[in-house]
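**Q** Below is the structure I would like to discuss, written out as structure tokens.
The values are calculated or read from the model by the stated rules, or taken from the named source; none is laboratory data. Everything numeric in this text was worked out from a predicted model, so none of it was measured. Backbone-built Cβ (ideal geometry, glycine too); neighbour counts: all protein chains shown. Note: accessible area is taken over every heavy atom of the protein model, side chains too, but ligands, DNA and RNA are not part of it. Shrake-Rupley method; radii C 1.70, N 1.55, O 1.52, S 1.80 Å.
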Amino acid sequence: MREITYADAVREALSEAMRENEEVFMLGEDIGVYGGAFGVSRGMVEEFGEERIRSTPISESAIAGTAVGAAMTGMRPIFELQFSDFITIALDQIVNQAAKIRYMYGGKAKIPLVMRTPGGSGTGAAAQHSQSLENWTAHIPGLKVIQPATAYDAKGLLHAAIIDDNPVMFYEHKLCYRTTSDVPEGKYVIPIGVADIKKVGTDITVIATGIMVHKALEAAEVLSKEDINIEVVDPRTLVPLDKETIIQSVIKTGKAVIVTEAVKRSGFSAELASVIVENESFDFLDAPLVRLAGAEIPMPYHPELEKKAVPQVENIVEACRNLMSHN
């Protein structure tokens, strides 16, 4: 086993899938010689050529629409949006076409496409390049939504997305690209819809998504010095959501903190909260559950204000300390 970056793990999955299946191809702005906005596809055009690594004009709607059409003809396109914020321009193709065609055609047409896009804050890219909009696509029936936090998960889940016969939205956090983890060589597939317990604990369940998984693990280290043992659950995929792992963890610990980067109002944290309160795990709560999420403001440009707009390690630590006071 070797340790590689998240970006390298994504590139490996893309390359392995393209070597395995000639129906797989990529399209997006600057993904060829430039290697994409964050260098994820760097070097791939030299191996696979411009027919399969297609740099496109700046038109997200056209990119998504081309991918939908190609998928209907039997290809397996992977299209990249440089920033997840730009999904607003492509939403008609994604929401009204990709998500519905298989259903409206009675299953006679499949849409095996993958949308890859980096999201989230932390790079000083300001309000139009730093949003967390994954909840928008999670709301739409017909779309699967993946949000991997580690290099290992990114590679295995991307392979799963590419072989899936349905449209899959694949959200990569910008700050995750340089993180590393142990990643096997060669193809492996992580099933879509299976959560991962990143750290086993007994006192509090912390359910975190995307980059917040890393912050929750940092918080766990701080809290361990105070004999507070938190369990960190990473859903990994928002749709389908592994509800059972979340429920069983909360039943075990009796306390829950939900941490997401997206704006709190109508965010995915509300969906995670509903999973806990709408079943038997609610009866095991011995304190009100806590939601930590983004502030209800456009993402600030100033780095200090940007940090204050999303949950940080100290916020998770404080929330867990407060919950323990309910004992």
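Listed here are the residues, each with its yes/no results for (1) touching a Lys or Arg at 6+ places or on another chain (Cβ under 8 Å); (2) acidic (D, E); (3) surrounded by fewer than 20 Cβ atoms within 10 Å (Cβ to Cβ).
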{"position": "I204", "(1), (2), (3)": "yes, no, no"}
{"position": "I207", "(1), (2), (3)": "no, no, no"}
{"position": "I211", "(1), (2), (3)": "no, no, no"}
{"position": "K215", "(1), (2), (3)": "no, no, no"}
{"position": "E218", "(1), (2), (3)": "no, yes, yes"}
{"position": "E226", "(1), (2), (3)": "yes, yes, yes"}
{"position": "P235", "(1), (2), (3)": "no, no, no"}
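**Q** Another question about this same structure. Of I297, I316, which residue is within 26 Å of L133 (Cα to Cα) and open to solvent by less than 30 Å² (accessible area, probe 1.4 Å)? Full working, then the answer.
**A** Numbers: I297 fails: open to solvent by less than 30 Å² (accessible area, probe 1.4 Å).
Just one listed residue meets the conditions, I316.
**Q** Go through the range 65-83 and give me each residue that's touching a Pro at 6+ places or on another chain (Cβ under 6 Å) and surrounded by 22 or more Cβ atoms within 10 Å (Cβ to Cβ). Please lay out each step first, then the result.
**A** Taking the range 65-83 as the starting set, the residues that turn out to be touching a Pro at 6+ places or on another chain (Cβ under 6 Å) are 67, 70-71, 76.
A67, A71, R76 - these are the residues of the range 65-83 that are touching a Pro at 6+ places or on another chain (Cβ under 6 Å) and surrounded by 22 or more Cβ atoms within 10 Å (Cβ to Cβ).
**Q** A further question on this structure: Scanning for something crowded, with 20+ Cβ neighbours inside 10 Å and touching a Pro at 6+ places or on another chain (Cβ under 6 Å), does the range 126-138 turn up at least one residue?
**A** Among the residues of the range 126-138, not one is crowded, with 20+ Cβ neighbours inside 10 Å and touching a Pro at 6+ places or on another chain (Cβ under 6 Å), which makes the answer no.
**Q** Having 2 or more residues that are under 25 Å from A17 (Cβ atoms) is the bar; report the strands (runs of 3 or more DSSP E) wholly within the range 152-236 that clear it.
**A** Output list reads 168-173, 180-183.
**Q** I've got another one for you. For the range 259-266, does any single residue satisfy the condition of being out of contact with any Lys or Arg (no Cβ under 6 Å at 6 or more places or on another chain), open to solvent by 70 Å² or more (accessible area, probe 1.4 Å) and assigned to a helix (DSSP H, G or I)?
**A** Taking every residue of the range 259-266 in turn, none turns out to be out of contact with any Lys or Arg (no Cβ under 6 Å at 6 or more places or on another chain), open to solvent by 70 Å² or more (accessible area, probe 1.4 Å) and assigned to a helix (DSSP H, G or I).
**Q** Spot the failing condition for G69; the list is (1) without any contact (Cβ under 8 Å) to a residue 40 or more places away in the chain; (2) under 18 Å from A154 (Cα atoms); (3) in a helix (DSSP H, G or I), and only one is missed.
**A** Every listed condition holds for G69 apart from (2).
**Q** On to the next question. Against the definition (farther than 23 Å from D8 by Cα and of a type in the set (G, A, S)), how does A126 come out, yes or no?
**A** Criteria met by A126.
**Q** Considering only residues that are among the charged types (D, E, K, R) and open to solvent by 40 Å² or more (accessible area, probe 1.4 Å), look in the range 238-258 and name the one that is farthest from the chain's Cα centre (by Cα).
**A** First, pick out the residues of the range 238-258 that are among the charged types (D, E, K, R): 242-244, 252, 255.
Pick out the ones that are also open to solvent by 40 Å² or more (accessible area, probe 1.4 Å) and you get 243-244, 252.
Details: K243: 17, E244: 19, K252: 26 Å.
The extreme case among them is K252.
**Q** What is the number of the single condition among (1) buried (at least 24 other Cβ atoms within 10 Å of the Cβ); (2) closer than 29 Å to G142 by Cα; (3) among the β-branched types (V, I, T) that I230 does not meet?
**A** (2)
**Q** Only one of these is within 26 Å of G119 (Cβ to Cβ), open to solvent by 40 Å² or more (accessible area, probe 1.4 Å) and either at pLDDT 95 or above or of a type in the set (K, R) (or both): E278, E271. Name it.
**A** On the way: E278 fails: within 26 Å of G119 (Cβ to Cβ).
Criteria check complete, one pass: E271.
**Q** Here's a follow-up. What about T56, is it in contact with a strand residue (DSSP E or B) (Cβ under 6 Å, 6 or more places away or on another chain) and farther than 19 Å from L158 by Cα? So that I can check it myself, show each step before the final result.
**A** Working: in contact with a strand residue (DSSP E or B) (Cβ under 6 Å, 6 or more places away or on another chain): yes; farther than 19 Å from L158 by Cα: yes.
Answer is yes for this residue.
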